[in-house]
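Structure, as structure tokens:
The values are calculated or read from the model by the stated rules, or taken from the named source; none is laboratory data. Because the structure is predicted, anything quoted here is derived from the model rather than measured. Quick reminder, even Gly has a Cβ in these numbers, built from the backbone with ideal geometry, and neighbours come from all protein chains shown. Note: areas computed on protein heavy atoms with side chains; ligands, DNA, RNA excluded. Shrake-Rupley method; radii C 1.70, N 1.55, O 1.52, S 1.80 Å.
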Amino acid sequence: MSERRTAFEIYWEILVFCRTSQSFTGIVNRCNLNSKTGQEYLGFLVVKEYLVEVADGDKIRYVSTERAGEYIALFNSLYRKLFDTAPRFKL
């Protein structure tokens, strides 16, 4: 039986993956999201200033901000306390 990821786990996956500049397609593929939910998650993270959109020619790429580092660290700490292991991508 597979467990569903929480929104907090998905935010963590996106932010960790976007430590280096990533395309929308790369993010939804790596984090196993559909286009609609991917847009919702990225939009939320941009509004909260955990991600920034960077123009790369005529394309938009996403990069985690310094502020995202705080979320990543807090999530890692909480996850370790709950599950005695570090979070990792579920794919």
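Mind counting lysine pairs for me in the chain? Cα separation below 25 Å, and the two need to be 8 or more apart along the chain or on different chains.
Step by step, the pairs that qualify in the chain add up to 6.
Could you tell me what % of all Cα pairs in region 51-91 have separations over 16 Å?
Summing the P(r) tail past 16 Å for region 51-91 gives 54 percent.
So if I place +1 on the C-beta of Lys and Arg and -1 on the C-beta of Asp and Glu, and nothing else carries charge, what would the dipole magnitude of the chain be about its Cα centre? I want it in debye, nearest 20.
My answer is approximately 260 debye.
Could I have the simple spin-label model distance between Phe17 and Phe89, label points 7 Å from Cα toward Cβ, reported in nm to one decimal?
0.7
Which distance in nm do the two modelled labels at Val46 and Arg80 give, with both placed 7 Å along the Cα-to-Cβ direction?
Going from the Val46 label point to the Arg80 one covers 3.3 nm.
For region 50-67, in order, what is each residue's ³J(HN,Hα) by Karplus, 6.51 cos²θ - 1.76 cosθ + 1.60 with θ = phi - 60°, in whole Hz (x at glycine and Pro)?
Running phi through 6.51 cos²θ - 1.76 cosθ + 1.60 with θ = phi - 60° gives 8, 10, 10, 8, 10, 6, 10, x, 9, 10, 9, 10, 10, 9, 5, 8, 4, 4 Hz.
Would you mind checking the tilt of helix 35-47 against the longest principal axis of the Cα atoms of the chain, expressed as 0 to 90 degrees and rounded to 10?
90
Hey, what's the chain come to in accessible area per residue, 1.4 Å probe, Å²?
69
Taking 0.36 nm per residue of sequence separation and subtracting the Cα-Cα distance, how much length would be gained by fully extending the chain between Gln39 and Asp58, in nm to one decimal?
5.0 nm
5 Å is the cut-off here: which amide hydrogens, built 1.01 Å from N in the peptide plane, fall below it relative to Leu51, excluding neighbours closer than 5 in sequence?
Hits under the 5 Å cutoff: Val46, Thr65.
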